[in-house]
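Structure first, then comments.
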Amino acid sequence: MHENTVKHLELIQAVITRLAQNSFLYKGWSITLVAAIYALAAKEGNPKYLLDALLPAIVFWGLDAYYLRQERLYRRLYNAVRTAAQADLDRNPFSMDTSPYRYQVDSWWRTCWSKTIGWLYGPMVLLIVVVTILAFAYSTTKGG
């Protein structure tokens, strides 16, 4: 394999690693913020705070899906560089353009519902909505 091809693959792999790290951090921040907002709601005894937990959950869900999609695009680019002929690579050296692969990877919306993201954020958002509804119902029957 040509030296420039190896360097190009290293650059792409570095991007993939950073994107995967972002995804991991977003999951952690989402869970942390939702738990903190729930703790605040329990301390204050105000179910209105529970609804505030939806915002970080939905925002981090969208960001996580965006970064997962970008990671998948760069994996396609990595594979294309790995298997390309040297003449093709010489015409466009060190290209980081993933646009030729955008239709080969699920859309952002479909990525939101992928196994790695949908199974974390979907139940989290559903749980926030159910707990909020129950908390409001309990507070109104309690007279508060």
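Things to note:
- Hey, L9 under 30 Å from A84 (Cα atoms), part of a helix (DSSP H, G or I), among the aliphatic types (A, V, I, L, M) and more than 15 Å from the chain's Cα centre (by Cα) or not: yes
- Residue in region 56-79 that is modelled with pLDDT under 90 and either under 30 Å from K142 (Cα atoms) or assigned to a helix (DSSP H, G or I) (or both) present: no
- Scanning region 16-31 for any residue that is under 21 Å from I133 (Cα atoms), open to solvent by 50 Å² or more (accessible area, probe 1.4 Å), touching a helix residue (DSSP H, G or I) at 6+ places or on another chain (Cβ under 6 Å) and at pLDDT below 95 turns up nothing.
- Qualifying residue in region 38-46 (condition: within 13 Å of L127 (Cβ to Cβ), of a type outside the set (S, T, N, Q) and in contact with a helix residue (DSSP H, G or I) (Cβ under 9 Å, 6 or more places away or on another chain)): yes
- Some residue of region 36-55 being within 30 Å of Q13 (Cβ to Cβ), in a helix (DSSP H, G or I) and open to solvent by 40 Å² or more (accessible area, probe 1.4 Å): no
- Among residues of region 88-144, those that are part of a loop (DSSP other than H, G, I, E, B), farther than 15 Å from Y74 by Cα and either open to solvent by 50 Å² or more (accessible area, probe 1.4 Å) or at pLDDT below 90 (or both), counted: 5
- For beta carbons closer than 9 Å, sequence separation of 6+ or different chains, a first residue in region 36-47 that is at pLDDT below 85 and a second that is charged (D, E, K, R) and surrounded by 13 or more Cβ atoms within 10 Å (Cβ to Cβ), the qualifying pairs are A41/D52.
The values are calculated or read from the model by the stated rules, or taken from the named source; none is laboratory data. Worth saying up front: this structure is predicted, and the values here are computed from it rather than measured. Quick reminder, even Gly has a Cβ in these numbers, built from the backbone with ideal geometry, and neighbours come from all protein chains shown. In case anyone asks, the SASA skips ligands and DNA or RNA and just uses the protein heavy atoms, side chains included. Shrake-Rupley method; radii C 1.70, N 1.55, O 1.52, S 1.80 Å.
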